[in-house]
Amino acid sequence: MTAPPGPGWLHTELTAVVPGGLDGVGPDEDLLDLGIDSVRLMLLVERWQSAGFDVDLLGLAERPTLAGWLELLRAGAPAAVPTAAAAPGGPSATTVLRVEQLTPRTVRITLDDRAGRFAGARPGAYLMLRAGPMPAARPVTVHPHAASGEIDVDVVAHDGGPLGRWAAGVRRGAAVVVDGPHDVPDLPAGPVDWTLLVADHPAQPALAARVAALRAGDRAIAVAVVPDAAEEQLMPTAADLGTVFVHAAADPGPVLAAVRAAVPGTGRGRAWLAGERHRMDALGAVLAGLPALAGRCVVERYGGAPV
Ligand SMILES: Cc1cc2nc3c(=O)[nH]c(=O)nc-3n(C[C@H](O)[C@H](O)[C@H](O)COP(=O)(O)OP(=O)(O)OC[C@H]3O[C@@H](n4cnc5c(N)ncnc54)[C@H](O)[C@@H]3O)c2cc1C
């Protein structure tokens, strides 16, 4: 792919480095005023240089706007730049580049995306993944790293189902078929005073993506339902975030209690829930009655996962 990097690609790049993302930022706004400090700027320069871009710190610091950076990156683009425009339709084959044990029960699987299929994926978007003996594709949240032409998926390894078993044994070089990216529902539109985010264990990657996309000044409460303390993960964000970890098994009681306790007593809110269907239906029923939410609640459900 030889097309120059586009606005979607740059947006994804900055979302990956700047907690909070840049939703709503105009092309001529000063990025240095929006949380891109000198350390982050240096990280970006290193990242882009190692991906083959001919850009430098001084040049980027002199023109710290989306429009300015896009122009500099286009001018210094390497011959093969992954962009969202490269995304073809239908399933495509790719390869596992790395496997990292992220937590005792979660593996980070890095896939080749030099074709740029997922470069412009929005925060929380997912892909359909099929590999090995899996009888059907499964959805997993995708984290694109457009500059390096890679994507990460964090998958819970377990004995219960085909995706979990595959993740438990996957090795570098394995062949995978992917489809997507598929968008997920937006958070309910504001204005709101707070955002409540609730996710079970397999939905932790989606939760991290939602949290990272919040902006400085947003007030948010995340309820992360995980099997035990070893599965708790830090979630970088520019927002004012309070995180509650709930160690839960099949009993929905502790989760319901934690969510009830996490809901602020004042102000208008919105909520996002993601996880196993029965638990999310029960939570949705609890939240539906809250005047503070007034129906501003989206739910992503799936079947099968017990935690
Ligand atoms: C939009 C979306 C994004 C998702 N993103 C991710 C992601 O980033 N990472 C991720 O890991 N999952 C993610 N999931 C969930 C993932 O697709 C399901 O967990 C998946 O269906 C599990 O597939 P499986 O083949 O292993 O088990 P399934 O065939 O779905 O279930 C079979 C049985 O396996 C057992 N089981 C299922 N999940 C678990 C578990 N987590 N722990 C223990 N036992 C289990 C249960 O007994 C279940 O009845 C996402 C789902 C959706 C809808």
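Out of the residues in the stretch 280-307 meeting the condition of being more than 21 Å from residue 211 (Cα to Cα) and not in a loop (DSSP other than H, G, I, E, B), tell me which one is nearest to the ligand (Cβ to nearest atom). Across the stretch 280-307, the extreme among qualifying residues is 281.
State whether the residues of the stretch 156-170 include one that is at negative phi and touching a Phe, Trp or Tyr at 6+ places or on another chain (Cβ under 9 Å). The answer is yes, given that some residue of the stretch 156-170 is at negative phi and touching a Phe, Trp or Tyr at 6+ places or on another chain (Cβ under 9 Å). Checking every residue in the stretch 20-32 against the condition of being modelled with pLDDT under 75 and of a type in the set (Gly, Ala, Ser) gives at least one match.
Among residues of the stretch 267-294 being of a type outside the set (A, V, I, L, M, F, W, C) and either without any contact (Cβ under 8 Å) to a residue 40 or more places away in the chain or in contact with a helix residue (DSSP H, G or I) (Cβ under 7 Å, 6 or more places away or on another chain) (or both), the one that is nearest to residue 198 (Cα to Cα) is 275. Scanning the stretch 104-144 for residues that are at positive phi and within 13 Å of the ligand (Cβ to nearest atom) yields 124, 132. The selection criterion, being more than 16 Å from the ligand (Cβ to nearest atom), within 16 Å of residue 195 (Cα to Cα), in contact with a Phe, Trp or Tyr (Cβ under 6 Å, 6 or more places away or on another chain) and assigned to a loop (DSSP other than H, G, I, E, B), holds for residue 264. Scan the stretch 153-161 and give yes if some residue there is under 18 Å from residue 110 (Cα atoms) and not β-branched (Val, Ile, Thr), otherwise no. Looking for residues that are under 18 Å from residue 110 (Cα atoms) and not β-branched (Val, Ile, Thr), one finds at least one in the stretch 153-161, hence yes. Among the residues of the stretch 241-250, is there at least one that is more than 15 Å from the ligand (Cβ to nearest atom) and either part of a helix (DSSP H, G or I) or among the acidic types (Asp, Glu) (or both)? Looking for residues that are more than 15 Å from the ligand (Cβ to nearest atom) and either part of a helix (DSSP H, G or I) or among the acidic types (Asp, Glu) (or both), one finds none in the stretch 241-250, hence no. With the condition kept exactly as written, say whether any residue in the stretch 180-190 is crowded, with 24+ Cβ neighbours inside 10 Å, among the small types (Gly, Ala, Ser) and under 17 Å from the mean Cα position of the chain (by Cα). Among the residues of the stretch 180-190, not one is crowded, with 24+ Cβ neighbours inside 10 Å, among the small types (Gly, Ala, Ser) and under 17 Å from the mean Cα position of the chain (by Cα), which makes the answer no. Those residues that are among the polar types (S, T, N, Q), over 18 Å from residue 208 (Cα atoms) and surrounded by 15 or more Cβ atoms within 10 Å (Cβ to Cβ), I need them from the stretch 93-118; list them, please. 94, the sole residue that qualifies. With the requirement that a residue be of a type in the set (A, V, I, L, M, F, W, C), within 21 Å of the chain's Cα centre (by Cα) and surrounded by fewer than 17 Cβ atoms within 10 Å (Cβ to Cβ), what does the stretch 231-281 give you? Scanning the stretch 231-281 gives 234, 244, 245.
Applying the condition of being outside any loop (DSSP other than H, G, I, E, B) and touching an Asp or Glu at 6+ places or on another chain (Cβ under 8 Å) to the stretch 155-192 and asking which residue is farthest from the ligand (Cβ to nearest atom) yields 168. Looking at the stretch 90-103, can you tell me whether even one residue there is modelled with pLDDT under 95 and near the ligand (Cβ under 10 Å from one of its atoms)? Looking for residues that are modelled with pLDDT under 95 and near the ligand (Cβ under 10 Å from one of its atoms), one finds none in the stretch 90-103, hence no.
Output yes when any residue across the stretch 226-241 is touching a Ser or Thr at 6+ places or on another chain (Cβ under 9 Å), farther than 24 Å from residue 125 by Cα and among the small types (Gly, Ala, Ser), and no when none is. Checked against the condition, which is being touching a Ser or Thr at 6+ places or on another chain (Cβ under 9 Å), farther than 24 Å from residue 125 by Cα and among the small types (Gly, Ala, Ser), the stretch 226-241 yields at least one hit.
In the stretch 195-223, the residues that are farther than 14 Å from residue 238 by Cα reach residues that are among the aromatic types (Phe, Trp, Tyr) and not in a helix (DSSP H, G or I) with C-beta atoms within less than 7 angstrom, at least six apart or across chains, in these pairs: 197/272.
The values are calculated or read from the model by the stated rules, or taken from the named source; none is laboratory data. Predicted model only: the values in this text are computed from it and were never measured. Positions of Cβ are backbone-derived with ideal geometry, glycine not excepted, and every protein chain shown enters the neighbour counts.
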